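A short write-up of the structure that comes next.
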Amino acid sequence: MQQNASLTTKLGGLATAVLGSRWSATLHTQIAHYDLSADPARPEFQGPVVLAFWHEYIMVPFSMWGHCNIAMLTSQHRDANWLAQAGYHLGYATVRGSSTHGGSAALRELKRLSRTMTLAITPDGPKGPRRRLAMGPVFLASRLGLPLVPMGFGFDRPWRLTTWDRFAVPRPFSRCRIVWGPRMPIPRRLDRSGLEHYRQQVEGVLNCITTEAEDWAESGTRRHGQRSVIRRPPRRTGSTETAAGEDVRCDVPPDSIPPQSVASPPCRTRTSKHPQRHRRVDRRRADHLQH
């Protein structure tokens, strides 16, 4: 990929990687996990898994989880060339393909990489509809026998672009909140009706935790089990593939583990404007988990 890319694409990818990383570094980022073992940046990680998050929030995970042995699926559209090059510089493997172009070849490559790497997909990309899960991630997880892990992101009053996904651009030095969802096992070899059943289930959970992250970012409240996301420079750059057993350096270092973490998604459907209510809900959730 690196050899075949034009000079413009190479420079554009490098600029995207640098700008995205520097921009994300200004954010006050907090994360809460439903399952610590589903995060490839954590020492408790048990993988591989298939990570799924909405296309509009790709900037943050792309900038913060580099060099964590992750392969990302990107489309073969010309607009994705810079993204693939940026992934090269940030330490991701990239697989080009979609449901309409290069899908079979991409599936074979993802199957090969899944033996040693975590996979990441934006399930409503590259063209939408916004926040509607395509069948591809569920089909992939079913074929590979891997759990799907939804990730929810939220910014405090972000700028929104006039794109199909209303792409979110966080304001510098604003709040960013991440809700790392639970593992969602997908049975092997599902038929069409089974795939649709799990597609709806995953879509519902992904929308729930995205709304939860957005509410959390807007409210500015603390929640039980939250951690700071601290970025540090990677030890090496430019790796597109990671062999089994290779020492991988993540941009998100392991931090201290609190006594417990949240166990299941609470699934709110509308934004709350009452921070005190958020605090009471979190206290009740913590008391419930302690018992």
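The values are calculated or read from the model by the stated rules, or taken from the named source; none is laboratory data. Being a predicted model, the structure only gives us computed values, none of them experimental. Quick reminder, even Gly has a Cβ in these numbers, built from the backbone with ideal geometry, and neighbours come from all protein chains shown. To get the accessible areas, we keep the full protein, side chains included, count just its heavy atoms, and leave off ligands, DNA and RNA. Shrake-Rupley method; radii C 1.70, N 1.55, O 1.52, S 1.80 Å.
Some notes on this structure:
- Check on R188, touching a strand residue (DSSP E or B) at 6+ places or on another chain (Cβ under 8 Å) and free of Cβ contacts under 8 Å to residues at least 60 places away in the same chain: no
- Qualifying residues in the stretch 57-79 (those that are farther than 22 Å from P150 by Cβ and at pLDDT below 85) - the one most open to solvent (accessible area, probe 1.4 Å): R78
- Between D165, D124, the distinction of being assigned to a loop (DSSP other than H, G, I, E, B), open to solvent by less than 10 Å² (accessible area, probe 1.4 Å) and under 28 Å from S37 (Cα atoms) belongs to D124 only.
- On the stretch given as the stretch 179-226, residues that are open to solvent by less than 50 Å² (accessible area, probe 1.4 Å), out of contact with any helix residue (DSSP H, G or I) (no Cβ under 6 Å at 6 or more places or on another chain) and of a type in the set (D, E, K, R) total 4.
- Which numbered condition R42 misses (of (1) at pLDDT 85 or above; (2) in contact with a Leu (Cβ under 6 Å, 6 or more places away or on another chain); (3) farther than 28 Å from T221 by Cβ): (3)
- Single residue of V138, V149 found to be more than 19 Å from S63 (Cα to Cα), buried (at least 24 other Cβ atoms within 10 Å of the Cβ) and hydrophobic (A, V, I, L, M, F, W, C): V138
- Residue match in the stretch 1-13 (condition: over 27 Å from R199 (Cα atoms), touching a strand residue (DSSP E or B) at 6+ places or on another chain (Cβ under 8 Å) and either charged (D, E, K, R) or at pLDDT below 85 (or both)): yes
Matching residues to (1) out of contact with any Ser or Thr (no Cβ under 9 Å at 6 or more places or on another chain); (2) in a helix (DSSP H, G or I); (3) touching a residue at least 60 places away in the same chain (Cβ under 8 Å):
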residue	(1), (2), (3)
T16	yes, yes, yes
G47	no, no, yes
M72	no, no, no
A86	no, yes, yes
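- First in the stretch 143-167 and under 14 Å from H55 (Cβ atoms) and touching a residue at least 40 places away in the same chain (Cβ under 8 Å), second anywhere and open to solvent by less than 20 Å² (accessible area, probe 1.4 Å) and of a type in the set (K, R), Cβ under 8 Å, 6 or more apart: F153/R177
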